[in-house]
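Structure, as structure tokens:
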């Protein structure tokens, strides 16, 4: 039917409807629900639409940003869960990490609302990466402290290294800009004198995770998965 599943568990389904606005996205979801309800195989399945976003950056259940645009910037509705930011030691770079991703998504969402052509939207995102995102990332590297205590310098370099890997990985999940992000990541790694061939230079999921599956609740009589980490 044109949609794409991003994440699925016993209690949660995240989809890209591949529709240009929320009105058409809601119509798609309602049509999907009606189709499933008519199929005896899914007779016991209860699906309710909980949230719609204009733009969603989904990495996994611990890292995602959803955005609904409003007329004024102050009224933008943001859903932010970035577990990766907890591993960026210095506060300044944690804030930059979130600002770059959110700023990128705001520009993408505005473009989606004004441009009807999918190809034009892809070209715009590619220009964003090659211009705004690249400039922001180069500025961060140029601002790294050079005359501070060794411990402070090391903490800053570790924070920036993780920031570079995370942003490169997150934005590159979009096939339209994956090549541009890989080229940018290579340039940034060279500037940091990091060997891109090593495992340390590659993006690795952060944090431990252990999920208890099919955990039954005697109160609501439902079962779901529980991440205990």
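The values are calculated or read from the model by the stated rules, or taken from the named source; none is laboratory data. Owing to the predicted nature of the structure, the values given are computational and were not obtained by experimental measurement. Cβ coordinates were reconstructed from backbone atoms using ideal geometry, including for glycine residues, and neighbour counts include every protein chain displayed.
What to note about this one:
- Matching entry among 81, 86 (being within 29 Å of residue 159 (Cβ to Cβ) and more than 11 Å from the chain's Cα centre (by Cα)): 86
- Options 218, 209; residue that is at pLDDT below 90 and more than 24 Å from residue 65 (Cα to Cα): 218
- Residue match in segment 91-111 (condition: more than 26 Å from residue 206 (Cβ to Cβ), touching a residue at least 12 places away in the same chain (Cβ under 8 Å), in contact with a helix residue (DSSP H, G or I) (Cβ under 9 Å, 6 or more places away or on another chain) and assigned to a helix (DSSP H, G or I)): yes
- Condition met for residue 155 (at pLDDT below 85 and surrounded by 14 or more Cβ atoms within 10 Å (Cβ to Cβ)): yes
- Qualifying positions in segment 128-145 - in a helix (DSSP H, G or I) and surrounded by 14 or more Cβ atoms within 10 Å (Cβ to Cβ): 128, 129, 130, 132, 133, 134, 136, 137, 138, 140, 141
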